[in-house]
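Heads up: the structure comes next, in structure tokens.
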Amino acid sequence: MKKKLVVIITVIILVVLAAVRLASNHSKISERKTSSGISSLVAVDVFSVRKMDMSKSISTVGTLNAYQQLDLAAESQGRITSLNCEVGQTKGKGSVIATIDDKVKLLSVESAKISLTKASKDLARIETLFKGNTSSQMELDNARTAYEAAVVQLQQAEKQLAYTKVTSSINGTIVKKLVEIGSYVNVGNPIASIVDVSKFRVKLNVSESNVNEFRVGMVPDITTSVYPDAVFHGKVTFVSPQSDDAHNYPVEIEMPNNSKTPLKAGMFVSVSMKISLPANSLYIPRESLVGSIQDAKVYVVRNDKAMLQKIVVGQQSESYLQVISGLQEGDQVVMNGLVNLSNDKSVKIMNKK
């Protein structure tokens with residue numbers, strides 16, 4: 001009888017303990033459900049879509065090229081009899097750089113002058129006879145032809161004589177001397193190289209995403225590490241309508257050199273331009289963007305829920321994107337908290353901008 005009573009009491013105690021345990025578990029489950037309901041709200045920061053006046057900067061690296069660079073070549077065959085150039089010398093346009101043996105050419109000029117003098121006298125004599133009807137039309141025509149031929153012969157001889165003088169066709173500095181006095185040269189042999197660095201051509205390779213911002217006549221800022229505090233100004237003179245194999249577009253800028261901060265051909269320079277974006281347009285911060293520029297989307301908060309919205313993006317600055325369509329002024333787009341978001345997710349706005 002006592003054993004039976006002990007068993008009954010033990011069973012009752014176990015049942016009570018089980019009931020207490022179940023009640024405790026139910027309470028914890030309820031707390032978890034409540035806690036889960038709170039955590040389902042994603043904390044976000046939002047930006048109110050607004051109209052702004054924006055600008056962006058475009059920067060790229062280019063190389064300074066001499067405005068003009070010429071190889072001065074011989075236009076006559078012969079031996080160099082005089083040389084008037086040394087590396088580093090400055091030469092003006094028309095300066096004689098070298099003289100090629102011109103004795104034969106001088107004799108040709110003298111001979112042509114003699115022939116022209118004779119032809120001129122013959123023509124005058126025939127014209128007098130023709131007026132007195134003692135000379136025929138044929139004789140007069142022949143005399144005129146001979147005179148004209150003598151004029152052409154003299155011009156040719158004088159041109160050949162001029163070819164013995166190698167002259168510079170630009171103002172510049174001699175950077176190479178390729179012959180010495182006594183050297184024998186043929187037509188086309190280079191004598192010296194001269195460069196004009198009174199101004200430069202800055203050559204750039206601009207990406208296809210930025211090339212449309214460059215227009216002929218624009219004036220960008222140019223800087224170089226040689227003079228960190230100096231800002232130079234150039235003018236865009238050429239924008240290629242065709243890209244290279246890497247989809248870059250050649251652009252040229254012309255800029256002057258100066259004596260206070262002289263630059264040299266071959267130096268690297270940084271070119272930057274500030275571009276005004278469409279005024280009074282809607283903008284959003286870059287960090288609001290979901291996906292790519294080509295398939296742009298943002299989360300818009302409506303009735304405490306994040307709704308995924310497709311948009312069309314226009315111009316871009318360093319921090320903001322122009323919105324062409326898909327949003328209205330005053331819409332609140334999520335800019336922080338995107339990681340945990342999905343469409344139609346409940347949100348709690350923490351900060352507004």
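Laboratory data are not the source of any read-out in this text; all were calculated from the coordinates shown. If you're wondering where the values come from, they're calculated on a predicted model, not measured in any experiment. Positions of Cβ are generated from backbone atoms using ideal geometry, with glycine treated the same way; all protein chains shown enter the neighbour counts.
Assorted remarks:
- Karplus-derived 3J(HN,Hα) values for the range 129-134, using 6.51 cos²θ - 1.76 cosθ + 1.60 with θ = phi - 60°, are 5, 5, 5, x, 6, 10 Hz; glycine and proline are entered as x.
- Note on residue 136/residue 242: beta-carbon distance plugged into 1/(1 + (r/R0)^6) with R0 of 56 Å gives a FRET efficiency of 0.25.
- Exposure proxy ranking, count of Cβ atoms within 10 Å, fewest first, for 87, 301: 87, 301
- Karplus-derived HN-Hα couplings along the range 175-186 (A = 6.51, B = -1.76, C = 1.60, θ = phi - 60°), whole Hz, x at Gly and Pro: 10, 8, 10, 10, 9, 10, 4, x, 5, 9, 10, 9
- Exposure proxy ranking, count of Cβ atoms within 10 Å, fewest first, for 237, 90: 90, 237
- Close amide-amide hydrogen proximity is noted between residue 191 and 72, 73, 74, each under 5 Å apart and 5 or more residues distant or on a separate chain (H modeled in the peptide plane; Pro and chain starts excluded).
- Here the contact order of the range 71-190, divided by its residue count and restricted to Cα pairs under 8 Å and six or more residues apart, works out to 55 percent.
- In sequence order, the range 237-249 has phi-based couplings of 10, 7, 10, 5, x, 10, 8, 8, 5, 9, 6, 9, 10 Hz under the Karplus curve 6.51 cos²θ - 1.76 cosθ + 1.60, θ = phi - 60°, and Gly or Pro positions carry x.
- Amide hydrogen neighbours beyond the local backbone of residue 345, cut-off 5 Å, H modeled: 306
- Using alpha-carbon coordinates, inclination of helix 2-39 to the longest axis of the chain, degrees: 30 degrees
- The chain, dipole about Cα centre (Lys/Arg Cβ +1, Asp/Glu Cβ -1), debye to the nearest 20: 2420 debye
- The chain - percent relative contact order, Cα under 8 Å, separation 6 or more: 27 percent
- Against the main long axis of the alpha-carbon atoms of the chain, helix 137-162 sits at an angle near 50°.
- Which labelled figure in (1) 155; (2) 324; (3) 281 is volume of the Cα convex hull per residue in Å³, once derived from the coordinates: (2)
- Under 12 Å, Cβ to Cβ, from residue 101 - net charge with Lys/Arg +1 and Asp/Glu -1: +3
- For the range 224-322, averaging the sequence separation of C-alpha pairs within contact (under 8 Å, six or more residues apart) and dividing by the residue count gives a relative contact order of 18 percent.
- For residue 336, nonlocal amide neighbours, meaning residues 5 or more places apart or on other chains whose placed amide H falls under 5 Å from its own, are 45.
- Only DSSP H runs of four or more residues enter the estimate; each adds -39500 (n - 2.57), and after division by the residues of the chain the mean residue ellipticity at 222 nm equals -9500 deg cm²/dmol.
- Exposure proxy ranking, count of Cβ atoms within 10 Å, fewest first, for 327, 341, 64: 341, 327, 64
- Cα gyration tensor shape for the range 71-190, rounded if a/c is under 1.5, else prolate or oblate: prolate
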